[in-house]
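Note sheet for the following structure.
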2 protein chains.
Amino acid sequence: MELGLVFLGSSAAVPTRNRGLPGIVVVYRGSLVLLDAGEGTQARLVLAGLSPLKIAAILITHLHGDHVFGLPGLLQSMAMLGRRSLLLVAGPRGLYGFLREVFRYTAWLPPFPLYVAELAPWEKLRLPNGFKAIAFPVDHGAVPALGYRLVEPPRRPRISLEKAKKLGLRPGPLFSRLQRGEPVVVDGRLIRPEEVVEEQPRTIIVYTGDTRPTGSTVEAARGATVLIHDATFTSNMAREAHEQGHSTARDAAIVASQAGAKILVLYHISARYDDPEPLLREARTYHPRVVVAEDLLSLVLRP
Amino acid sequence: MELGLVFLGSSAAVPTRNRGLPGIVVVYRGSLVLLDAGEGTQARLVLAGLSPLKIAAILITHLHGDHVFGLPGLLQSMAMLGRRSLLLVAGPRGLYGFLREVFRYTAWLPPFPLYVAELAPWEKLRLPNGFKAIAFPVDHGAVPALGYRLVEPPRRPRISLEKAKKLGLRPGPLFSRLQRGEPVVVDGRLIRPEEVVEEQPRTIIVYTGDTRPTGSTVEAARGATVLIHDATFTSNMAREAHEQGHSTARDAAIVASQAGAKILVLYHISARYDDPEPLLREARTYHPRVVVAEDLLSLVLRP
């Protein structure tokens, strides 16, 4: 697929028979960005048929073990597989120290250039796949925790066939020139790109990591194509959810609705839900398009 | 089963579609001892139907990532599952620092008593399941690396029915007294336990972790019931194996043969062997009873 998501793990805190720990791959034109790296991420990449060598960046939401214990092993496997290209690993403060100490005690250093970035809330960065990322603050209690808003690079505009026809323009090489932003002359008449091209909407992917419902997520998820939101419990356990720095399916759906996100993916599902139907039913009361994440699910955004 | 082994992962360095990273469970009367804890160990315990709460001790051979990156997540899952009982984690020097730093950066401390022991070569310890363990030095290059010899606690002796019959003794309550080591009087004649009991052989399990073939393994594996030995490659790759601190299947079989080990398990299988038949064929030239480990294989020692 040109653009989409592959969910590697979808459980909360503890892996179950069906759900592994958090890890989401953004696939874009053969390049991968990994969001969180729970234990087992590298094994699930193998199962999903995705090469760790295609990963250009890894974004970590927070340094709780279930989101980060798959990171060192993944880096080592990249090395074993012969990686030589730069890897960006970004996350909250502490990420560098975590990796440094783990490498120190396990007598290993990456043989490829590893760039570790500790991000401040609302810090922006450009990812190697061309996406713009914004790290937004979420609320997961005492630990620094970030969500990520990822915006696709500008897309080649489409030519409106209707408008082109009115101007006597037929599909052909001139189309490409107009799409590249160049004016053309047809039958002695100058046609400027803006007369016929239509901007293509950019895909916006937002991932919260672990969080209570927050206004910062509503802000960061404005106009999102997909919002992947913590939905650890159903709302009958709202108190437990909020005490532990998590959200309910209802919370997630309300945030998605307030932000105007098109698709909501319920994520970080507690082991108590063998059947995720109650989470789905609850969220659909507040938002029309809801999916519950499951392991190795592909969400195709452009085929 | 009363006594046996369950192989959780059996690959070398990198997980494959069929093989996970190292982890072996010694099952003894409902209590578990885990040998190494590669990434994914906790997920494979779930698949094997073994509760992490039944683990009484974890023995780590060396601090390379593929043998230890599953440890922090397993400890956290034990806590999530409500563990309150003491856990012994033993391994080479550096183990304590590794856990301390990982806990520090991921903002977590075990809510149950965790006893971390850094062992010197040939150090002995008594495991919570009653086994005697000896940590023997192996040769894996620059890092401190240990193998483990585990000896079953003394077994209740068996009564020789033949000898008992000759003394006019029939199966019944007196048998139990003799098995407990108490003399009895039958028809006015004193019978001492040593006249009728036969000691039962104790099971000895030896695991090398990663190592070149070494004399210390031959010494530690004397009379072993099972020797689980590094067998990363076949002998056409002996040079690579030894350079990287590993053994070939041939090396493993020769060590097993020299030590007089009954069963040899080839372990730590390189990803290049989709079909482990060549490893098996090679080892069988030097040792009569060879098994290639595979994930979730149970090796029953007493049903």
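The values are calculated or read from the model by the stated rules, or taken from the named source; none is laboratory data. If you're wondering where the values come from, they're calculated on a predicted model, not measured in any experiment. Cβ sites come from the backbone with ideal geometry, for glycine too, and all protein chains shown count toward neighbours. To get the accessible areas, we keep the full protein, side chains included, count just its heavy atoms, and leave off ligands, DNA and RNA. Shrake-Rupley method; radii C 1.70, N 1.55, O 1.52, S 1.80 Å.
Observations on the model:
- Going through (1) open to solvent by 20 Å² or more (accessible area, probe 1.4 Å); (2) at positive phi one by one, residue B:104 falls short only on (2).
- When we screen B:142, B:117 for residues that are open to solvent by less than 80 Å² (accessible area, probe 1.4 Å) and closer than 30 Å to residue A:99 by Cβ, the only hit is B:117.
- Here B:149, B:177 are screened, and the one residue that is modelled with pLDDT of 95 or more and more than 14 Å from every other protein chain (Cβ to nearest Cβ) is B:149.
- Qualifying residue in region B:233-242 (condition: open to solvent by 10 Å² or more (accessible area, probe 1.4 Å), of a type in the set (Phe, Trp, Tyr) and more than 14 Å from every other protein chain (Cβ to nearest Cβ)): yes
- Of everything in region A:88-98 that is open to solvent by less than 10 Å² (accessible area, probe 1.4 Å) and within 9 Å of another protein chain (Cβ to nearest Cβ), the residue that is farthest from residue A:52 (Cα to Cα) is A:97.
- Some residue of region A:66-87 being within 22 Å of residue A:298 (Cα to Cα), open to solvent by 30 Å² or more (accessible area, probe 1.4 Å) and in a helix (DSSP H, G or I): no
- Restricting the first member to region A:67-88 and to residues that are at positive phi, and the second to residues that are open to solvent by 10 Å² or more (accessible area, probe 1.4 Å) and aliphatic (A, V, I, L, M), the beta-carbon pairs closer than 9 Å and six or more apart or on different chains are A:82/A:53.
- One residue from A:124, A:165 being more than 22 Å from residue A:98 (Cβ to Cβ) and assigned to a strand (DSSP E or B): A:124
Residue by residue, here is whether (1) within 13 Å of chain B (Cβ to nearest Cβ); (2) open to solvent by less than 30 Å² (accessible area, probe 1.4 Å); (3) among the small types (Gly, Ala, Ser); (4) closer than 30 Å to residue A:272 by Cα holds:
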| residue | (1), (2), (3), (4) |
| --- | --- |
| A:34 | no, yes, no, yes |
| A:42 | yes, yes, no, yes |
| A:50 | yes, no, no, yes |
| A:111 | no, no, no, no |
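- Inside region B:52-65, residues that are under 17 Å from the mean Cα position of the chain (by Cα) and open to solvent by 10 Å² or more (accessible area, probe 1.4 Å) make up a count of 3.
- Among residues of region B:26-45, those that are out of contact with any strand residue (DSSP E or B) (no Cβ under 8 Å at 6 or more places or on another chain) and touching a residue at least 24 places away in the same chain (Cβ under 8 Å), counted: 3
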